[in-house]
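Heads up: the structure comes next, in structure tokens.
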Amino acid sequence: MLYWDYAAAAPPYEEVVQTMEQVMKQHFANPSSLHRAGTEAEKLIKRAREVCAAALGVQAQEIIFTSGATESNNLAIKGAALQYQSRGRHIVTTELEHPSVYESCLQLQKLGWEITFVAPDSTGVVEPSRIAAAVRPDTVLVSVMHVNNEIGTVQPLKEIGQQVKAVNRRTLFHVDGVQGYGKLETRLKEWQADLYSLSAHKVRGPRGTGILYVREGVMLFPLLTGGSQEMGNRAGTENVPNIVASAKAVRMSGERRQELSSRIMPLKNRLEQYISGIPELVLNSREDGVPHIVHFSYPGMKGEVMARRLEELGMGVATRSACSSRLAEPSRILLSMGRGAAAALGGIRISLGDNHTEEDVIQLEQALLTAVRSLKIAEGGVK
Ligand code: PMP
């Protein structure tokens, strides 16, 4: 089967697997232990922090390791909201966000915070002035993702950061960078980001490790207590093999960003053009979107049915994002762009990675055409 789901999980680099094995075997000690084995494990984490900081152009003490971007996003949003509630209880975010941001906000809403969800335009991009217009004196946090995980659209973070800070310079700016890192430039300073989340397994690291950049001077109310690990931001014995291997993946995918993007961008463009030429399909990703995500709908056809047919044809694709793929409801993201319920139910995400070739894309195109034709016949021409 050809794997087209890099946005859900990318295969780890060989070096990542080797590092994990080596650290698991040789550095099993608890980094908080005072003996030499412990301090050696602690040194490995220190080094990993420096590697991630260098990749992001920030300071080592601004990097926190977590169990994944879901935790990074929860900590960024709830940690900031709880820490700074004396400044106000208002948060601005978008309707495009990943559930780990979106539902963190809904949880705070239940506890009395006011949340403004800004809608994107019909192409899945948020207008910076609409974000800025929602910012008030009591707005503690603005959270906007770099790249949408379903349709791959890129948000104008520089303009959003500038405009938000112009309205209220004390409002913190959080960016969920999960689908952008390693494909697009990460410019935390230019965006004026105070908080930035990453996930290791999207950049060919291990599953179960995330990173949260917390700008110096920003405090978070810890969600996990019971230890002073991660500078008091997250209690619990550190996952040393995952942390060391994740730092390696972050460094390698940062270094290979341009090479990867320039290789897969033509594949994405080719695929999008092909999909645009099939009358039954509606393209939802944009030409200027992230290089690794192509998304389309077959209105009236459930995404799961299309995905199953493609799997029979040897193609492993996703129906929207992995975190929402078991939901039967239409895509919240497509609905927020004004797509109808029929299109929002029939979404398919194809995500590209290092290993894909033009040959693979040609095979996928043929499978897409075969799938559409056979489903159309099976439905008696009624979609
Ligand atoms: N944010 C975005 C944009 C994502 O795509 C994902 C992964 N689906 C996450 C957050 C959550 O990351 P993790 O799987 O590491 O918890």
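Quick notes
- Mean Cβ count within 10 Å, highest first, over the residues of peptides 132-144, 272-284: 132-144, 272-284
- Using the Karplus relation 6.51 cos²θ - 1.76 cosθ + 1.60 with θ = phi - 60°, the per-residue 3J(HN,Hα) values for the range 253-260 come to 6, x, 5, 9, 3, 5, 4, 4 Hz, with x marking Gly and Pro.
- Modelled spin-label separation between R136 and Q109, with each label point placed 7 Å from Cα along the Cα-to-Cβ direction: 1.5 nm.
- Scoring 197-206, 66-75, 225-234 by mean Cβ neighbours within 10 Å over their residues and listing the highest first yields 197-206, 66-75, 225-234.
- C-alpha long axis of helix 157-167 to longest principal axis of the chain, angle in °: 60 degrees
- Overall, the accessible surface of the range 14-255 at a probe of 1.4 angstrom is composed of carbon and sulfur to the extent of 50 percent.
- Based on Cα atoms of the range 189-332, Rg over Rh with Rh as the Kirkwood radius reads 1.05.
- Stretch gain in nm, segment K46-E358, where the contour uses 0.36 nm per residue and the Cα spacing is subtracted: 108.2 nm
- Taking 0.36 nm per residue of sequence separation and removing the Cα-Cα distance, the T370/Q26 pair yields an extension gain of 118.7 nm.
- Size check on the range 1-153: the Cα extents along the three principal axes, sorted descending, read 53, 48, 29 Å.
- Phi-based couplings in Hz for the range 29-46 (Karplus 6.51, -1.76, 1.60; Gly and Pro marked x): 5, 6, x, 8, 5, 8, 6, 4, 4, x, 5, 5, 5, 4, 4, 4, 5, 4
- Computed FRET value (nearest 0.05) for M231 with E185, which takes r as the C-beta separation and R₀ as 41 Å: 0.90
- Modelled spin-label separation between R270 and L224, with each label point placed 7 Å from Cα along the Cα-to-Cβ direction: 4.3 nm.
- Working from label points 7 Å from Cα in the Cα-to-Cβ sense, the I377 to Q85 distance is 6.2 nm.
- For the chain, the solvent-accessible area of protein heavy atoms averages 42 Å² per residue (probe radius 1.4 Å; ligands and nucleic acids excluded).
- Measuring r between the beta carbons of E312 and R263 and using R0 = 35 Å, the FRET efficiency lands at 0.75.
- Rounded to the nearest 5, the antiparallel percentage of DSSP beta bridges internal to the range 14-255 is 35%.
- Long-range HN-HN contacts of T116 with modeled amide H, under 5 Å: I91, V92, T93
- Amide H contacts of M145 (H built 1.01 Å from N, under 5 Å, at least 5 apart or other chain): D176
- Applying a DSSP loop filter and a limit of 12 other Cβ atoms within 10 Å to the chymotrypsin sites (Phe, Trp or Tyr not before Pro) in the range 18-107 leaves F28.
- Cross-link pairs exceeding 22 Å between alpha carbons, from the set K165/K248; K202/K248; K78/K158; K248/K268: K165/K248; K78/K158; K248/K268.
- The fraction of all Cα pairs in the range 248-383 landing in successive 5 Å bins from 0 to the largest distance is 2, 10, 19, 23, 20, 14, 8, 3, 1, 1, 0, given as whole percents.
- In the chain, the DSSP-assigned H stretches of four residues or longer account for a calculated mean residue ellipticity at 222 nm of -13000 deg cm²/dmol, using -39500 (n - 2.57) per stretch and the full residue count as denominator.
- Using the Karplus relation 6.51 cos²θ - 1.76 cosθ + 1.60 with θ = phi - 60°, the per-residue 3J(HN,Hα) values for the range 93-105 come to 9, 10, 7, 8, 5, 4, x, 5, 8, 4, 6, 4, 5 Hz, with x marking Gly and Pro.
- In summary, the aspartates and glutamates within cross-link reach of K46, defined as a Cα separation below 15 angstrom excluding same-chain residues under 8 places away, comprise E62, E230, E238.
- With the largest listed first and rounded to whole Å, the semi-axes of the equivalent ellipsoid of the chain from the Cα gyration tensor are 35, 27, 17.
The values are calculated or read from the model by the stated rules, or taken from the named source; none is laboratory data. The shown structure was predicted, so the numbers you read here are calculated from the model rather than taken from an experiment. For neighbour counting, all protein chains shown are included, and Cβ atoms are generated from backbone atoms with ideal geometry for every residue, glycine included. Keep in mind that these areas ignore ligands, DNA and RNA; they rest on the heavy atoms of the full protein, side chains included. Shrake-Rupley method; radii C 1.70, N 1.55, O 1.52, S 1.80 Å.
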